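Below is one structure, written out as structure tokens; comments come after it.
The values are calculated or read from the model by the stated rules, or taken from the named source; none is laboratory data. Treat the numbers as computed from the prediction; the structure is a model and nothing was measured. Note that each Cβ is placed from the backbone with ideal geometry, even for glycine, and that neighbours are counted across all protein chains shown.
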Amino acid sequence: MYDIFSLKDFTFPAGFAWGSSTAGHQIEGDNIHSNNWQIEQNKRKNDPKAEVSGKACNSYNMVEEDIKLLKSLGHKMYRMSVEWSRIQPEEGVFDKDATEHYVKQLALLKENNIKTCVTLVHFVVPQWFAQKDGFTKLDNYAYFETYLQYIVPKIAPYVDIWNIFNEFNGGVDDLARNVKFNHVIYHARAYRLIKKYSSAPISSAHAFVQFYAKRQHDTFDRRLQEWYDMLHNEFWFHAIRTGELVVPGKDGIYEKDIKDTCDYWAVNLYVRQMLDARKADPYTEAYPFTRMQMIGKKFYWEEFHPETMYTCLTRLTDKPIYVTENGISCNNDDFRIVQIAEYLAAMHAAIKDGADVRGYLHWSLMDNYEWDSYLPRFGLCDVDFNGDYHRTPKPSALFYKDIIDNNGFTQEILRKYLHEMPRL
């Protein structure tokens, strides 16, 4: 256990980019032409109690309010997605109004001196593309390229950094391996296309999970740790560094056009995942003496492991880094204050030891739809889901604002918002 009130003050490099992240489907609402919308409707048919995205946070209709909120909280960068399913709701059909919506949103962010990190695909794709088997087929790149050729030139003047894909690297079964293999090739081709229109740095957001053998002394658990790390993490870093794409279960390839198609490492970082070789499903819960139940439902993010931030970032010392997501789901906002302080301290230590971290984007700006439920609360701001969707900053949002304004952490800032360690 760490005494947060003993944490030493620390400062980040000049020009550090502070901000937050969101995803269109999770906050915009009424993304009716997307594959996720269809999945949700099918779930609702089978289970009337299933939660669907619906209006989400109604952000599609509250762009100006959200940008004012970002500015009031001192955020210098905002990560958002442009929704392919809105821009191209049908094959061969582009929606000019939706296109103009995103252009205006990005322009307004720039007018307010907020840098933009734009994700082109944050999990969600048009239903028509999904019906063609989406990213499971390499031949489908032609459809993706058509989308890119349309949208990239229109938004390029307003993009400070690009994320092509979000978190495509998970999973170990045959389908997941095929999808991640194809995504690397899609990513590399998209990188070359975007470079024709933009000089802004490009990457894809990597879900960086630190896999951890339950029994650190045990050969079986440790080999499993290496296997999962290779299939989730190293295959991606290796491909970008060398041009060699190695995903066991697929014939490996070498394509020089894959090499160096990330200008920076985009890292989404939350958890340490424990593995147990003695179980058919090796994903296992954390040690009972470190596990915390912070919402009324078993959920993934229930531990504090700031050392994971340090361990992962110091593995990536060959390129600049942006932490494009990091956060915690909790009902007691005091835990978010502790989480921010501890993980930023770990990030600062990683910078001292060689990690060139250029920015930190907290997940999320506001509570939102977490793919199948509104129960998890990741937001710096509350949302009135039963009323007019009004956003209310939590104490953690004001704590984070003071850190941004100070470009670092101090005990004075901490004690302004937290007077004792929170309890479950």
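Filter region 367-404 for residues that are touching a Cys at 6+ places or on another chain (Cβ under 8 Å) and of a type outside the set (A, V, I, L, M, F, W, C) and give the result.
367, 368, 369, 377, 389, 391, 392, 393, 394
Within region 373-393, can one find any residue that is at pLDDT 95 or above, in a helix (DSSP H, G or I), under 18 Å from residue 341 (Cα atoms) and more than 19 Å from the chain's Cα centre (by Cα)?
no
Can you tell me which residues in region 1-35 are in contact with a Phe, Trp or Tyr (Cβ under 7 Å, 6 or more places away or on another chain) and either at pLDDT below 95 or of a type in the set (S, T, N, Q) (or both)?
The answer is 20, 21, 26, 31.
Looking at (1) over 21 Å from residue 67 (Cβ atoms); (2) free of Cβ contacts under 8 Å to residues at least 24 places away in the same chain, which is the one condition that is false for residue 424?
(2)
Among the residues of region 170-178, is any under 25 Å from residue 17 (Cα atoms) and either at pLDDT 95 or above or in contact with a Leu (Cβ under 7 Å, 6 or more places away or on another chain) (or both)? Let's see the steps before the verdict.
Looking only at region 170-178, we keep the residues that are under 25 Å from residue 17 (Cα atoms), and these are none.
Scanning region 170-178, I find no residue that is under 25 Å from residue 17 (Cα atoms) and either at pLDDT 95 or above or in contact with a Leu (Cβ under 7 Å, 6 or more places away or on another chain) (or both), so the answer is no.
Please go through region 169-206 and pick out each residue that is under 19 Å from residue 268 (Cα atoms) and touching a strand residue (DSSP E or B) at 6+ places or on another chain (Cβ under 8 Å).
Once the filter is applied, which keeps residues that are under 19 Å from residue 268 (Cα atoms) and touching a strand residue (DSSP E or B) at 6+ places or on another chain (Cβ under 8 Å), region 169-206 yields 169, 170, 183, 184, 187, 201, 202, 203, 204, 205, 206.
How many of the residues making up region 277-305 are buried (at least 18 other Cβ atoms within 10 Å of the Cβ) and either acidic (Asp, Glu) or at pLDDT 95 or above (or both)?
4
For residues that are over 30 Å from residue 132 (Cβ atoms), free of Cβ contacts under 8 Å to residues at least 40 places away in the same chain, in a helix (DSSP H, G or I) and not hydroxyl-bearing (Ser, Thr, Tyr), tally how many sit in region 1-51.
Qualifying residue count, region 1-51: 0.
Looking at region 376-391, can you tell me whether even one residue there is under 25 Å from residue 266 (Cβ atoms), touching a residue at least 40 places away in the same chain (Cβ under 8 Å), touching a helix residue (DSSP H, G or I) at 6+ places or on another chain (Cβ under 6 Å) and of a type in the set (D, E, K, R)?
Scanning region 376-391, I find no residue that is under 25 Å from residue 266 (Cβ atoms), touching a residue at least 40 places away in the same chain (Cβ under 8 Å), touching a helix residue (DSSP H, G or I) at 6+ places or on another chain (Cβ under 6 Å) and of a type in the set (D, E, K, R), so the answer is no.
Just give me the residues in region 139-184 being part of a helix (DSSP H, G or I), in contact (Cβ under 8 Å) with a residue 24 or more places away in the chain and more than 19 Å from residue 194 (Cα to Cα), in sequence order.
Answer for region 139-184, where residues must be part of a helix (DSSP H, G or I), in contact (Cβ under 8 Å) with a residue 24 or more places away in the chain and more than 19 Å from residue 194 (Cα to Cα): 174, 175, 177, 178, 179, 180, 181.
Report the residue count in region 232-266 for those that are of a type in the set (A, V, I, L, M, F, W, C) and either in a loop (DSSP other than H, G, I, E, B) or more than 23 Å from residue 313 (Cα to Cα) (or both). Even if it seems obvious, please write down each step before you answer.
Applying the first criterion (of a type in the set (A, V, I, L, M, F, W, C)) to region 232-266 yields 235-237, 239-240, 245-247, 253, 258, 262, 265-266.
Now narrow it down to the ones that are either in a loop (DSSP other than H, G, I, E, B) or more than 23 Å from residue 313 (Cα to Cα) (or both): 246-247, 253, 258, 262.
Matching residues across region 232-266 total 5.
Yes/no matrix, rows are residues, columns are (1) over 22 Å from residue 266 (Cβ atoms); (2) touching a strand residue (DSSP E or B) at 6+ places or on another chain (Cβ under 6 Å); (3) polar (S, T, N, Q):
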site	(1), (2), (3)
30	yes, no, no
39	yes, no, no
42	yes, no, yes
63	yes, no, no
77	no, yes, no
100	yes, no, no
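Can you name every residue in region 61-85 that is in a helix (DSSP H, G or I), charged (D, E, K, R) and buried (at least 18 other Cβ atoms within 10 Å of the Cβ)? Give the derivation first.
First, pick out the residues of region 61-85 that are in a helix (DSSP H, G or I): 61, 63-72, 84-85.
Now narrow it down to the ones that are charged (D, E, K, R): 64-66, 68, 71.
Of everything in region 61-85, just one residue is in a helix (DSSP H, G or I), charged (D, E, K, R) and buried (at least 18 other Cβ atoms within 10 Å of the Cβ), namely 66.
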